[in-house]
Amino acid sequence: MKHHSLCLLLLCAAGAQANVYQCEQDGKVTFSQFPCEESAELTQEVSAGNVVLSSNKKTDQQMESLKKKGRYLEYQLSVTEQKQKQQLTALENEYYEAQKKGAKSNYLAMLKQKMEKLQQDFAEQKQKQQQELAVLQKQMGSLQRQYAVN
């Protein structure tokens, strides 16, 4: 009979859960199983003696914000590459048409310089965008590691 009572008690305890709320009052951080106010943040769910970390709202919001910025930077990078291809193709077509018509060499040289300058400008712009993306990815990795530790 004692064995059945113990099993029943363990089953009830396994189903029980308690929440841990983080509250800040008068500049002091406190933890409670009851929310102290609407701004209280659920930090942990405790189940049968095991701590299960729940999602931290602020960290999730930061991560989502970084992901959105990353997608936007990737979009800008693809737009930059498309613009480069279009403008470079237009200049190459103009160069070949000028060659066909027997244009003067100084005009052809000017078109070549424009193409080189365009490539250089786009390469610099692309490098800057890739650096911004790398910094963003580093921030995301740091936030993920911080989130995993907490």
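Overview of results
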| item | result |
| --- | --- |
| Residue in region 93-105 that is in contact with a Ser or Thr (Cβ under 9 Å, 6 or more places away or on another chain) and surrounded by 11 or more Cβ atoms within 10 Å (Cβ to Cβ) present | no |
| Test result for Lys83, more than 39 Å from the chain's Cα centre (by Cα), at pLDDT 90 or above, assigned by TED's automatic domain parsing to the domain that holds Lys126 and of a type in the set (D, E, K, R) | no |
| Condition check for Tyr96: among the hydroxyl-bearing types (Ser, Thr, Tyr), more than 23 Å from Met140 (Cβ to Cβ) and in the same structural domain as Gln139 (by TED's automatic domain parsing) | yes |
| From Gln144, Gln87, Gln125, Gln137, residue being touching a Ser or Thr at 6+ places or on another chain (Cβ under 6 Å) and in a helix (DSSP H, G or I) | Gln125 |
| Counted residues, region 119-135 - those being touching a residue at least 12 places away in the same chain (Cβ under 8 Å) and either in contact with a helix residue (DSSP H, G or I) (Cβ under 6 Å, 6 or more places away or on another chain) or of a type in the set (Lys, Arg) (or both) | 6 |
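The values are calculated or read from the model by the stated rules, or taken from the named source; none is laboratory data. As the structure is a prediction and not an experimental result, all values here were calculated from the model. Backbone-built Cβ (ideal geometry, glycine too); neighbour counts: all protein chains shown.
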